[in-house]
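Here's the structure we're looking at; comments come further down.
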Amino acid sequence: VSGVLVARLGLQADLDALARTTGLPVAESLLGKSSVGSDDDWFRGVYAGAISSSPEVRELIEGSDALLVLGAYLSDLNTGMFTAEVDRSKAIIAYQGVTHVGSRTYEGVGVAHLMHALVQHHGAVPPGAENNEPPEAHRRAKLAQELIRDGKHSEGIKRSEEHTSELQ
């Protein structure tokens with residue numbers, strides 16, 4: 001499920017590349033409307049619990065054996081006034097500065113970090129990245145990975161998030 005943060009943080013090209021590479025279907029939240037292209041083959045519709053764009057979209061999301069929620073706040077509007085039936089134990093839910101994987105919480109690892117790691121892991125190439133000059137967001141994700149590897153994770157992630165805020 002793609003949310004408002006995908007658009008707000010400029011992650012649409014990454015999501016597109018990831019969906020094209022993996023073939024995974026994507027729905028968007030009500031607040032994340034227009035975060036993905038509705039003409040794309042992998043786009044399924046809008047998910048918002050009982051007020052989803054179709055029963056098929058609701059069944060796709062609620063019947064998934066695993067769910068990736070990228071920047072979609074599970075608020076009253078996005079969940080169809082809390083009618084969404086999502087098993088959070090099977091979900092990865094990423095917000096700006098935190099990611100929840102089941103019952104675990106990872107502070108300092110936000111939706112941009114997760115998205116860039118997934119793109120890299122799956123070998124997806126976002127449009128514009130073919131020239132081997134990664135977009136600024138990819139550079140920040142790489143910096144965060146290097147800082148974590150070097151044991152400077154707290155300071156580095158904070159600096160990365162501050163830089164991300166400056167770019168918004």
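Hey, what did region 3-60 get for relative contact order, percent, Cα under 8 Å, at least 6 apart?
30 percent.
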Radius of gyration and Dmax over the Cα atoms of region 1-117, both given in Å: 12.8, 35
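Probe radius 1.4 Å, ligands and nucleic acids left out: which of Asp76, Asp14, Asp41 has the largest accessible area, and how do the rest follow?
The ranking, largest first, comes out as Asp41, Asp76, Asp14.
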Residue-normalised accessible area of region 12-65, expressed per residue, 1.4 Å probe, Å²: 51
Distance (nanometres) between label positions extended 7 Å along Cα→Cβ at Glu85 and Thr22: 2.5
Förster radius 22 Å - calculated FRET efficiency between His121 and Ser34 (Cβ-Cβ, nearest 0.05): 0.25
Loop trypsin sites (Lys or Arg not before Pro), region 1-38, which have at most 13 other Cβ atoms in a 10 Å radius of their Cβ (DSSP): none
Ile92 accessible area, assembled protein chains, probe 1.4 Å, Å²: 60
At most 14 other Cβ within 10 Å, DSSP loop - chymotrypsin sites (Phe, Trp or Tyr not before Pro), region 82-121: Phe82
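The values are calculated or read from the model by the stated rules, or taken from the named source; none is laboratory data. Keep in mind it's a predicted model, so treat the numbers as computed, not measured. Cβ atoms come from the backbone with ideal geometry, glycine included; neighbour counts cover every protein chain shown. Note: accessible area is taken over every heavy atom of the protein model, side chains too, but ligands, DNA and RNA are not part of it. Shrake-Rupley method; radii C 1.70, N 1.55, O 1.52, S 1.80 Å.
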